[in-house]
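Participant: Here it is: the structure, laid out below.
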Amino acid sequence: MLKIARPMAASVLAMMIASPALAQAKADAPIAVRIEAGAPGAKIDRNIFGQFAEHLGSGIYGGVWVGKDSPIPNVRGIRTDVVKALRDIKVPNVRWPGGCFADEYHWRHGIGPVEGRRKTINSNWGGAVEPNTFGTDEFMDFVGQIGSDAYISVNVGSGTVQEAAEWVEYMTADPETTAGKERAANGHREPYKIKYLGLGNESWSCGGAMRPEYYADEMKRYARFVRNYNPKQTGADAMQRIAVGPDQGKPAYTETVMAAQKGHDWAWNIEGLSLHSYTTGGWPPSYSSTKFDETAYAKLLKETLGMDGLITQHAAIMDKYDPDKKVPLAVDEWGVWLAPLEGTNPGFLVQQNSMRDALVAALNLNIFARHADRVRITNIAQMINVLQAMILTDKDKMVLTPTYHVYKMYLPFQDATFAPVSFDAGTYTQGDITLPRIDAIAARDTQGKLWLAVSNLDPVKSASIRADIAGVKAASATGQVMTAPRVDSINTFDAPNAVAPKPYTAKAGAGGLVLQAPPKSIMVIRLD
Ligand code: AHR
């Protein structure tokens, strides 16, 4: 059923988006969301909630690392407020040191006494001086402090197999070996755990502009010779090697790398294929992160929903070579990439984060959950102060973004079992753009509790949702809802809680359990 577009002046629309009274406009008949709570579903791997932290702008320096002598509270140089906030969203893994930066990173510049570390130029990102004060041991300390796993990307573009092999040896070798002794001398006797090892980054572009066949040959050498020596990393805990995969919808890398993987022998293998896809509104990004109208809002949401088709496309190619889905698709860079904030270095990719971006995050997490059989790792770009960040900092100040709150609201979905839902979403139309009015996923958490996440994309109309659970009567719902006065509402250092979740409860009445999702909102509730 298509809703008729409302021809309306932009100023009136802006008013409607901003006006809470109009926003409360009468909801239509409830949308029935049927949850097949008992149906078998894939596990939603907690690693789809991964983060990405590149040496880029103030993503690391200022965002994570302030130095041991900083007046900003820190533990061994790592800021305490950021660690606490990240612990609260149970970050499963952090991808580091890049991005494009990874293919120019030489790990030896970042170990040992700080006075001796080389200062280099970060040629990818604003030509900033890279002091290398945050290196391997600092990164491992950071992931340890936030209780996360390490996803290390090795340098395939400008490094060598030997350099990468020695780096992983440094991180994982027995303390009695020369490499292990060097690590111990730098403060860490026990081998580190590396959960994921990225074999290059965007090797089709900034990582060396390699033909897929050339990359596949290089990948085999890295997969063979870069060894993890940590004796505790065996069986299910073994390090997973993630090969470079497609750029958006281009199939060449997917075909070539998966064909190579299928033909692997005992000597090498890969355990993941990367996919990068940003929501940009066109290239170079010109969409504002702070001031935009309903058309820009709708366009970006439409574009971001393309993630579903992209995964379907590459998963179909992967199925040809790997029908048992042993190799996960790792969407290890995704998110909104918008115009740089005025007055910032354009090479630092600084942008604000709005209610719209929270919806982008929720919609993508829903897509990943629906593809949980193939998508088992994702990394939103990027964790702090860069692109679609969880956290913004300015010296000693810190603010949590609307996207951060989505990650916190979605915690029950980490390692939950996907439960299929069916509903007639209806439509929300803006000009010539038509979107589903709502989106929803459900899952059983690790304790067996049933959770439902609903997004209402319509910026003007609230949505009534009737939760129907196959074979069960839900008596009540408890959780949180997040909305905002405007789609471009943001959190700032002065107004940090403009967009934040609020408690939500509902009880079943004569018409069953009916939830009220406000306009432009995200709701996550437990159904009892
Ligand atoms: O996240 C910013 C950049 O986007 C990364 O460095 C690169 O991998 C991608 O093109």
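The values are calculated or read from the model by the stated rules, or taken from the named source; none is laboratory data. All values derive from a computational prediction rather than experimental measurement. Glycine also receives a Cβ, built like all others from the backbone with ideal geometry; neighbour counts cover every protein chain displayed. Only protein heavy atoms, including side chains, enter the accessible area calculation; ligands, DNA and RNA are left aside. Shrake-Rupley method; radii C 1.70, N 1.55, O 1.52, S 1.80 Å.
Participant: Residues that are open to solvent by less than 30 Å² (accessible area, probe 1.4 Å) and more than 30 Å from Met258 (Cβ to Cβ): find the helices (runs of 4 or more DSSP H) completely inside the stretch 271-381 holding 1 or more of those.
Facilitator: So the answer is 294-304, 355-370.
Participant: Report those helices (runs of 4 or more DSSP H) wholly inside the stretch 156-260 carrying at least 2 residues which are open to solvent by less than 70 Å² (accessible area, probe 1.4 Å) and under 20 Å from Gly272 (Cβ atoms).
Facilitator: In the stretch 156-260, the matching helices (runs of 4 or more DSSP H) lie at 161-172, 212-225.
Participant: Of the residues that sit in the stretch 101-120 and are over 19 Å from Gly63 (Cα atoms) and in contact with a Gly (Cβ under 8 Å, 6 or more places away or on another chain), which one is nearest to the ligand (Cβ to nearest atom)?
Facilitator: Going through the qualifying residues, I end up with Asp103.
Participant: Restrict the check to the stretch 88-96 and report whether at least one residue is more than 26 Å from the chain's Cα centre (by Cα), surrounded by fewer than 19 Cβ atoms within 10 Å (Cβ to Cβ) and not basic (Lys, Arg).
Facilitator: no
Participant: Of all residues being basic (Lys, Arg) and surrounded by 17 or more Cβ atoms within 10 Å (Cβ to Cβ) in the stretch 483-525, which is nearest to Val350 (Cα to Cα)? Just the residue, please.
Facilitator: Per the stated criteria, the residue is Arg486.
So that you can scan it fast, the table gives a plain yes or no per residue for (1) at pLDDT 95 or above; (2) open to solvent by less than 10 Å² (accessible area, probe 1.4 Å); (3) small (Gly, Ala, Ser); (4) within 16 Å of the ligand (Cβ to nearest atom):
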{"position": "Arg34", "(1), (2), (3), (4)": "yes, no, no, no"}
{"position": "Pro40", "(1), (2), (3), (4)": "no, no, no, no"}
{"position": "Asp45", "(1), (2), (3), (4)": "yes, no, no, no"}
{"position": "Gly50", "(1), (2), (3), (4)": "yes, yes, yes, yes"}
{"position": "Glu54", "(1), (2), (3), (4)": "yes, yes, no, yes"}
{"position": "Gly59", "(1), (2), (3), (4)": "yes, yes, yes, yes"}
{"position": "Gly63", "(1), (2), (3), (4)": "yes, yes, yes, yes"}
{"position": "Val66", "(1), (2), (3), (4)": "yes, no, no, no"}
{"position": "Pro71", "(1), (2), (3), (4)": "yes, no, no, no"}
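Participant: A further question on this structure: Name the pairs whose Cβ atoms lie under 6 Å apart, with the first residue in the stretch 430-450 and closer than 21 Å to Thr304 by Cβ and assigned by TED's automatic domain parsing to the domain that holds Ala358, the second open to solvent by 10 Å² or more (accessible area, probe 1.4 Å) and part of a loop (DSSP other than H, G, I, E, B), and 6 or more positions between them or separate chains?
Facilitator: none
Participant: Look through the stretch 76-100, keep the residues that are part of a helix (DSSP H, G or I) and of a type outside the set (Asp, Glu), and return whichever of them is nearest to the ligand (Cβ to nearest atom).
Facilitator: If we take residues in the stretch 76-100 being part of a helix (DSSP H, G or I) and of a type outside the set (Asp, Glu), then Cys100 is nearest to the ligand (Cβ to nearest atom).
Participant: Any idea which of Ala236, Ala209, Ala243 is free of Cβ contacts under 8 Å to residues at least 12 places away in the same chain and within 16 Å of the ligand (Cβ to nearest atom)?
Facilitator: Answer to the selection: Ala209.
Participant: Can you tell me which condition Met398 does not meet? The list is (1) touching a helix residue (DSSP H, G or I) at 6+ places or on another chain (Cβ under 6 Å); (2) under 26 Å from Ile525 (Cβ atoms); (3) not hydroxyl-bearing (Ser, Thr, Tyr), and all the others hold.
Facilitator: That leaves (2) as the condition not met.
Participant: Looking at the stretch 68-89, I want the residues that are among the aromatic types (Phe, Trp, Tyr) and have a partner that is assigned to a loop (DSSP other than H, G, I, E, B) and open to solvent by 60 Å² or more (accessible area, probe 1.4 Å) with Cβ atoms under 9 Å, at least 6 apart or on another chain. Which pairs are those?
Facilitator: Sorted first by the residue in the stretch 68-89, then by its partner, the list stays empty.
Participant: What number goes with the only condition from (1) in contact (Cβ under 8 Å) with a residue 40 or more places away in the chain; (2) touching a Gly at 6+ places or on another chain (Cβ under 7 Å) that Lys302 does not pass?
Facilitator: Lys302 satisfies all of (1) in contact (Cβ under 8 Å) with a residue 40 or more places away in the chain; (2) touching a Gly at 6+ places or on another chain (Cβ under 7 Å) except (2).
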